[in-house]
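Below is one structure, written out as structure tokens; comments come after it.
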Amino acid sequence: MPKVFRSPVFVSIADKLSPALCRSLTSFVEISAARRCREIHLEMNTSGGDFEGAISVYEALRQFPGKVCAHNVGRVDSMGVVVFLAAS
């Protein structure tokens, strides 16, 4: 049986949303869902980045069954806004 995480998981995004970063974030969200994580907190400071990658992250976050909280810890621009708005 997958391990259940009772505490929230924190993810810090402090760089441009490159295709590789977006793939990693999407995988992280999918793994967190499979492990029945209940809450993800995004700490964001990004100037934006890859369009398709950000859309993939957005879709993964919207499908996440738990709570998603986004925190602006600097600036959130361009495609970073799309990811930011995926929070519940």
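Data for the structure
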{"read-out": "Residue within region 10-20 that is acidic (Asp, Glu) and assigned to a helix (DSSP H, G or I) present", "value": "no"}
{"read-out": "VAL83 vs. criteria under 10 Å from the mean Cα position of the chain (by Cα) and either loosely packed, with under 14 Cβ neighbours inside 10 Å or among the β-branched types (Val, Ile, Thr) (or both)", "value": "yes"}
{"read-out": "Matching residues in region 67-88 - criterion: being among the aliphatic types (A, V, I, L, M) and not in a helix (DSSP H, G or I)", "value": "VAL68, ALA70, VAL73, VAL76, LEU85, ALA86, ALA87"}
{"read-out": "Check on GLU39, in contact (Cβ under 8 Å) with a residue 12 or more places away in the chain, in contact with a His (Cβ under 6 Å, 6 or more places away or on another chain) and surrounded by 14 or more Cβ atoms within 10 Å (Cβ to Cβ)", "value": "no"}
{"read-out": "Qualifying residue in region 26-36 (condition: surrounded by 14 or more Cβ atoms within 10 Å (Cβ to Cβ), in contact (Cβ under 8 Å) with a residue 60 or more places away in the chain, assigned to a helix (DSSP H, G or I) and more than 9 Å from the chain's Cα centre (by Cα))", "value": "no"}
{"read-out": "Residue within region 54-61 that is touching a strand residue (DSSP E or B) at 6+ places or on another chain (Cβ under 6 Å), at pLDDT 95 or above and surrounded by 13 or more Cβ atoms within 10 Å (Cβ to Cβ) present", "value": "yes"}
{"read-out": "Filter result for the condition that a residue is touching a Cys at 6+ places or on another chain (Cβ under 6 Å) and among the β-branched types (Val, Ile, Thr), over VAL57, VAL29, VAL76", "value": "VAL57"}
{"read-out": "Region 46-73 residues that are within 13 Å of SER88 (Cβ to Cβ), paired with ones that are among the aromatic types (Phe, Trp, Tyr) (beta carbon under 6 Å, 6 or more apart)", "value": "ALA70/PHE84"}
{"read-out": "Selection within region 37-47 - outside any strand (DSSP E or B) and either modelled with pLDDT of 95 or more or of a type in the set (D, E, K, R) (or both)", "value": "ARG38, SER47"}
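The values are calculated or read from the model by the stated rules, or taken from the named source; none is laboratory data. All values derive from a computational prediction rather than experimental measurement. Please note: Cβ atoms are built from the backbone with ideal geometry, for glycine as well, and neighbour counts cover all protein chains shown.
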